[in-house]
Amino acid sequence: MQSIDQLRSSVRGELIAPTDTGYDAARKVYNGMIDKRPRLIVRCVDAADVIAAVRYGRDTATLTAIRGGGHNGAGLGTCDDGLVIDLSRMKGVHVDPAARTVRVAGGCVWGDVDHATHAYGLATPSGFISTTGVAGLTLGGGIGYLTRRYGLTIDNLLSVDMVLADGRSVTADNKQNSDLFWAVRGGGGNFGVVTSFEFRLHPVSTVQFGPTFWPPEQAADVLKAYRKFIVDAPEEINGFFAFLVVPPAPMFPPHLHMKTVCAIVWCSTGTAEQTDKATRSMRSIGTPLLDAVGPAPFPVVQSTFDGLFVPGMQWYWRADNFTELSDEAIARHVEHGSKLPTMLSTMHLYPVNGAAQKVGKNETAYSFREALFAEVIVGVDPDPANAKKITEWCKNYYDALHPYSAGGAYVNFMMDEGQERVQASFRDNYSRLAAIKKKYDPSNFFCVNQNIRPAA
Ligand SMILES: Cc1cc2nc3c(=O)[nH]c(=O)nc-3n(C[C@H](O)[C@H](O)[C@H](O)COP(=O)(O)OP(=O)(O)OC[C@H]3O[C@@H](n4cnc5c(N)ncnc54)[C@H](O)[C@@H]3O)c2cc1C
C-alpha cells in the first residue's frame, strides 16, 4: 500500500494534512454551512499529480472527493476523513480564435475563461456568476445567460481529458470513448477527474444587460406574462425571473434599497434596438420600479453578482424543473417569494428553452430537455445564526412548488437529497449512466457526487 511519503514524492503540488498550517483555509468550500474535515488535501498542479492522487486514493481505499471551484451547494467538492483531489491550482486557458475553440484546465473558474475569450470577442455558455468552477458547472449541464441562444454549457463541450478510477488518462469526445463523453455531459463527476475541457466559442462581446424590477404585488401579472413571453421570445433574448431584495448598492436608486421586488434580469446578445423591440411588451407590464437595460461587456455581466455573493456564507438550496407554470404555481410563488427571509435569499426561474431544447433528451446525460424552467430557491446569509431561518424558508417554498414541477431537478442545484432524487433527475438516462459507470468505475470510487451507482 502506498504511503503518504510515496505520494508526496510523486506530486509537484502541495499535500495538506490536518496538522499543517493552512489546513483550515484549504478545507473551506464556498458554502459556509459545509464544515468537513478531510484527512488529506492534494492540491494538484497537473494531470500527473491527479493520476498519483487517484492511485493513492484507490490503493489505500480512501473516500475521495474531487474539488474544482468548490462552489457545490451540497459540499460535494470535499469530504470528512478522506482525500480531496483539489484542482484549484490547475489554471490555464488557451483560445484558438481561428477554430473558435477554447481549452480550459480543470481548476479554472468561469472568470478565467471569460477574461481569456473576451479578448477575442468570443464566449461559451456558462452560468450567471464568474466565481463558479468550470468543472462542476459543466459536468452537471451548465445553465446561464447564453442558454437560450447557444444551449447549455455541455452542448458546447467538444472534448475532455480525464483520469479514470484505475489511474488511466483518456480523452473522451464524439469519436473516442464516446460513451464516456455522453455520460460526462450532465452526469457530474461520477466517471473520473476531468483535467481539461475543450469548448466551442461564439461571437459574444458586448451584450444588453440589466434588470426590470416590479413591486411584489405585481408578481402574479408579471409571471403570467413571462411564462408566455419566454416561449415566444427570440433566442438572443435571455431573462431570468427572480424574487430578490434590492441590495444597497450605488447602481440602484436609494429609495429601492432593501425593498423586496420581483425582477427579470435581462441579457441579450441582440443589438440595443433588437433587444428593446423584443422585450418592450414584457417590460411594460404593470408599473416597473426600475427598468435599466444597457450595453455591458460580457465578463462584466458575468461578474456583476460576485461581490454580493462572496465565499463563506450560509447557503441552503432546493430546486425543481418545470415544463409549465400554472396559475396555482404562480400563486405559491407570490406567497413564498414575497417573504424572502434575508437580503441575499432569492428564487430564480431560469429559462432552459431555445437552443437548449434543440438537443434531444437522450443525446446527453442531461435529461430534462423539455423543461421550460430550472427553478432554484436559495436561502443565503452571512450569519450562521440564520442558518435555520433560511433553511426553513427554502424548504417550505420548495414543498409548496414541488407538486407543480416536472419531477427531478438540475443536479447542480440540488443538496444531498438521496438516490431517488438523483434517479428522478436522470429519468430513463439513469440505466445507461449506471452501465457506463460500471464500465469505467465499477467500485464506485468516485462517489462524492450526485451518485450514479454502477449497474448490478
Ligand atoms: C453562487 C453560485 C452561483 C451558481 N450559478 C450557477 C449558474 O449560473 N449556472 C449553473 O449551471 N450552476 C450554477 N451554480 C451551481 C454550480 O454549477 C454547482 O455548484 C457546481 O457543482 C459548482 O462546480 P464547482 O467546480 O465550483 O464545485 P465543486 O464543489 O468543486 O465540485 C462540484 C462537483 O463536481 C465534481 N467535480 C469538480 N471538479 C471536477 C473535475 N475536475 N472532474 C470531475 N468532477 C469534478 C465534484 O466531485 C463535485 O461532485 C452556482 C453555484 C453557486 C454557489
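At a probe radius of 1.4 angstrom, the accessible area of the stretch 233-373 per residue rounds to 39 square angstrom. Each peptide in 125-131, 163-169 was scored by the mean count of other Cβ atoms within 10 Å over its residues; highest first, the order is 125-131, 163-169. Note on Met33: accessible area is roughly 60 Å² with a 1.4 Å probe, heavy atoms of protein only. Remark: the chain carries a charge dipole of roughly 520 debye about the Cα centre, counting +1 on each Lys and Arg Cβ and -1 on each Asp and Glu Cβ.
Quote to one decimal, in nm, the extra length available between Lys388 and Met1 on full extension: 0.36 nm per residue of separation minus the C-alpha distance between them.
So the chain would gain 135.0 nm between Lys388 and Met1.
Only Cα pairs under 8 Å and 6+ residues apart enter the sum, and on that basis the relative contact order of the chain stands at 16 percent. For the pair Lys28 and Ser443, the difference between a 0.36 nm per residue extended length and the Cα-Cα distance amounts to 146.6 nm.
A simple packing score, the average count of other Cβ atoms within 10 Å per residue, orders the peptides 399-408, 141-150 as 141-150, 399-408, with the highest score first.
Each label was represented as a point 7 Å from its Cα along the Cα-to-Cβ direction; for Asp291 and Gln176 these points are 5.4 nm apart. Here Phe229 sits with roughly 20 square angstrom of accessible surface, probe radius 1.4 Å. Bridgeable aspartates and glutamates around Lys439 (alpha carbons under 20 Å apart, same-chain partners fewer than 8 residues away excluded): Asp59, Asp161, Asp166, Asp173, Asp179, Glu363, Asp428. Residues whose amide H comes within less than 5 Å of that of Leu290, counting only those at least five positions distant or on another chain, are Phe213 (H built at 1.01 Å from N in the peptide plane). Dipole size of the stretch 298-356 about its Cα centre, with +1 on Lys/Arg Cβ and -1 on Asp/Glu Cβ: approximately 220 debye, rounded to the nearest 20. Working note: 222 nm ellipticity from helices only, DSSP H runs with n ≥ 4, each -39,500 (n - 2.57), summed and divided by the residues of the chain, gives -8000 deg cm²/dmol to the nearest 500.
Stokes-Einstein at 37 °C, 0.692 mPa s, Kirkwood radius from Cα pairs: D for the stretch 1-68 in µm² s⁻¹? Numbers along the way, then the final one.
Numbers: Rh = 12.6 Å.
In µm²/s, the coefficient is 260.
Rank Ile330, Gly13, Leu152 by how far each Cα sits towards the positive end of the charge dipole of the chain (+1 on Lys, Arg Cβ; -1 on Asp, Glu Cβ) and give me just the farthest. Among Ile330, Gly13, Leu152, the one farthest towards the positive end of the dipole of the chain is Gly13.
Fully extending the segment from Asp232 to Lys339, taken as 0.36 nm per residue of separation minus the present Cα-Cα distance, adds 35.5 nm.
What percentage of the solvent-accessible surface of the chain, computed with a 1.4 Å probe over protein heavy atoms, is contributed by carbon and sulfur atoms?
On the way: 9080 of 17290 Å².
Carbon and sulfur atoms account for 53 percent of the accessible area of the chain.
By a straight-distance test (C-alpha under 24 Å), which lysines pair with Lys388 as possible cross-link partners, with residues fewer than eight away in the same chain excluded? Within the straight-line cut-off, Lys388 pairs with Lys28, Lys36, Lys259, Lys339. Between the C-alpha center of the stretch 1-72 and that of the stretch 340-378 there is a gap of 32 Å.
The aspartates and glutamates whose alpha-carbon is closer than 18 Å to the alpha-carbon of Lys224, local same-chain residues fewer than 8 away aside, are Asp232, Glu324, Asp327, Glu328, Glu335, Glu375. Residue ranking by accessible heavy-atom surface, 1.4 Å probe, largest first, among Thr132, Thr323, Thr138 comes out as Thr323, Thr132, Thr138. For the chain, the pair-distance distribution built from all alpha carbon pairs, in bins 10 Å wide starting at 0, is 4, 21, 32, 26, 12, 3, 0 percent. Computed with the Debye formula from one identical point scatterer per Cα of the stretch 203-244, without solvent, the log10 of I(q)/I(0) at q = 0.15, 0.19, 0.23, 0.35 Å⁻¹ comes to -0.45, -0.68, -0.90, -1.32. Give me the angle, in degrees from 0 to 90, between the Cα long axis of helix 272-283 and the longest principal axis of the Cα atoms of the chain, rounded to the nearest 10. So the helix axis and the longest Cα principal axis differ by about 70 degrees. Look at the alpha carbon pairs under 8 Å that are at least 6 residues apart: their mean separation over the length of the stretch 1-46 gives a relative contact order of 44 percent.
The values are calculated or read from the model by the stated rules, or taken from the named source; none is laboratory data. The structure presented is a predicted model; accordingly, all values stated were derived computationally and were not measured. With ideal geometry, Cβ positions are generated from the backbone for all residues, glycine too; neighbour counts draw on all protein chains shown. These area figures cover heavy atoms from the full protein model, side chains too; ligands, DNA and RNA do not enter into them. Shrake-Rupley method; radii C 1.70, N 1.55, O 1.52, S 1.80 Å.
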